[in-house]
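Notes follow the structure.
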Amino acid sequence: MLVRLLYASRAVDTTASAIETILATSRQHNPECGITGILCYGGGIFLQAIEGGRMPVSELYSHIQRDPRHKDVVLLHYEEIQERRFGGWTMGQVNMSKINASILLKYAEKPVLDPYSVSGSVSLALLEELMATASIIGRA
């Protein structure tokens with residue numbers, strides 16, 4: 001059974017090297033667990049979608065909640081799915097500071113990434129838009 005989980009968190013360390021370490025770790029470990037997804041980051045906030053089997057996704061989310069690199073981890077959306085939407089990425093990435101502000105304004109009051117102030121379905125729609133506009137990089 002496949003599931004999709006969407007969560008937000010605040011980064012403890014917002015340096016480029018810290019974010020690259022998170023992405024590299026994901027890309028190294030996710031394939032062996034059958035997990036795919038994307039990570040959006042900007043303004044010290046992460047928005048991440050992970051897809052895969054129910055148990056591997058649950059275990060990864062549990063690990064993220066205990067990971068000292070994240071704080072204020074909140075579950076935004078969880079669902080059983082028939083197929084993956086983000087299956088092309090072991091962990092794709094979107095640096096929100098490099099996208100057109102109008103994409104964010106389509107889904108939020110201000111042109112900043114703030115999944116804490118919108119519904120999970122709105123955050124998921126934002127990810128769909130980022131995919132449609134080819135804003136996601138890091139295909140693997």
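In this structure, is Thr25 under 26 Å from Lys98 (Cα atoms), in a helix (DSSP H, G or I) and either open to solvent by 40 Å² or more (accessible area, probe 1.4 Å) or without any contact (Cβ under 8 Å) to a residue 60 or more places away in the chain (or both)? It would help to see each step written out before you state the result.
Numbers: under 26 Å from Lys98 (Cα atoms): yes; in a helix (DSSP H, G or I): yes; either open to solvent by 40 Å² or more (accessible area, probe 1.4 Å) or without any contact (Cβ under 8 Å) to a residue 60 or more places away in the chain (or both): yes.
The answer is yes for Thr25.
Hey, among Gly43, Gly53, which residue is in contact with a strand residue (DSSP E or B) (Cβ under 8 Å, 6 or more places away or on another chain) and of a type outside the set (A, V, I, L, M, F, W, C)?
Numbers: Gly43 fails: in contact with a strand residue (DSSP E or B) (Cβ under 8 Å, 6 or more places away or on another chain).
Unique residue meeting the criteria: Gly53.
Is at least one residue of the stretch 31-49 within 23 Å of Ser119 (Cβ to Cβ), of a type outside the set (D, E, K, R) and part of a loop (DSSP other than H, G, I, E, B)?
Within the stretch 31-49, one or more residues are within 23 Å of Ser119 (Cβ to Cβ), of a type outside the set (D, E, K, R) and part of a loop (DSSP other than H, G, I, E, B).
Can you work out which of the residues in the stretch 66-115 that are of a type in the set (Val, Ile, Thr) and more than 18 Å from Gly42 (Cβ to Cβ) is nearest to the chain's Cα centre (by Cα)? Full working, then the answer.
Here is the first cut: in the stretch 66-115, the ones of a type in the set (Val, Ile, Thr) are 73-74, 81, 90, 94, 99, 103, 112.
Now drop any that are not more than 18 Å from Gly42 (Cβ to Cβ), which leaves 81, 90.
Working: Ile81: 17, Thr90: 12 Å.
Across the stretch 66-115, the extreme among qualifying residues is Thr90.
Restricting the search to the stretch 89-120, which residues are outside any helix (DSSP H, G or I), touching a residue at least 12 places away in the same chain (Cβ under 8 Å), open to solvent by less than 60 Å² (accessible area, probe 1.4 Å) and among the β-branched types (Val, Ile, Thr)?
Residues satisfying the conditions are Thr90, Val94, Ile99.
Evaluate the following for Ser123: is it at pLDDT 90 or above and open to solvent by 60 Å² or more (accessible area, probe 1.4 Å)? Talk me through it step by step, then tell me what you get.
Working: at pLDDT 90 or above: yes; open to solvent by 60 Å² or more (accessible area, probe 1.4 Å): no.
The answer is no for Ser123.
Determine, yes or no, whether Asn30 is more than 19 Å from Gly120 (Cα to Cα) and surrounded by fewer than 20 Cβ atoms within 10 Å (Cβ to Cβ). Write out each step before concluding.
On the way: more than 19 Å from Gly120 (Cα to Cα): yes; surrounded by fewer than 20 Cβ atoms within 10 Å (Cβ to Cβ): no.
No: the conditions fail for Asn30.
I need the full set of residues from the stretch 1-19 which are within 17 Å of Gly43 (Cα to Cα) and within 14 Å of the chain's Cα centre (by Cα), in order please.
Tyr7, Ala8, Ser9, Arg10, Ala11, Ile19
Does the stretch 84-103 hold any residues that are farther than 25 Å from Gln28 by Cβ and at pLDDT 90 or above, and which are they? It would help to see each step written out before you state the result.
Applying the first criterion (farther than 25 Å from Gln28 by Cβ) to the stretch 84-103 yields 97, 99-103.
Hits for the stretch 84-103: nothing passes.
Give me a count of the residues in the stretch 25-63 that are β-branched (Val, Ile, Thr) and farther than 18 Å from Gln93 by Cβ.
Narrowing the stretch 25-63 to residues β-branched (Val, Ile, Thr): 25, 35-36, 38, 45, 50, 57.
With farther than 18 Å from Gln93 by Cβ added as a condition, the list becomes 57.
Adding up the residues that qualify gives 1.
Tell me, which residue of the stretch 55-88 that is in a loop (DSSP other than H, G, I, E, B) and under 20 Å from Ser9 (Cα atoms) is most open to solvent (accessible area, probe 1.4 Å)? Show your work before the answer.
Within the stretch 55-88, the first condition is being in a loop (DSSP other than H, G, I, E, B), and the residues that meet it are 67-69, 82-88.
Next cut, under 20 Å from Ser9 (Cα atoms) only: 67-69, 86.
Working: Asp67: 14, Pro68: 108, Arg69: 83, Phe86: 0 Å².
Looking at residues that are in a loop (DSSP other than H, G, I, E, B) and under 20 Å from Ser9 (Cα atoms), I get Pro68.
The values are calculated or read from the model by the stated rules, or taken from the named source; none is laboratory data. Bear in mind the structure is a predicted one, so any value in this text is a computation, not a measurement. Note that each Cβ is placed from the backbone with ideal geometry, even for glycine, and that neighbours are counted across all protein chains shown. Only protein heavy atoms, including side chains, enter the accessible area calculation; ligands, DNA and RNA are left aside. Shrake-Rupley method; radii C 1.70, N 1.55, O 1.52, S 1.80 Å.
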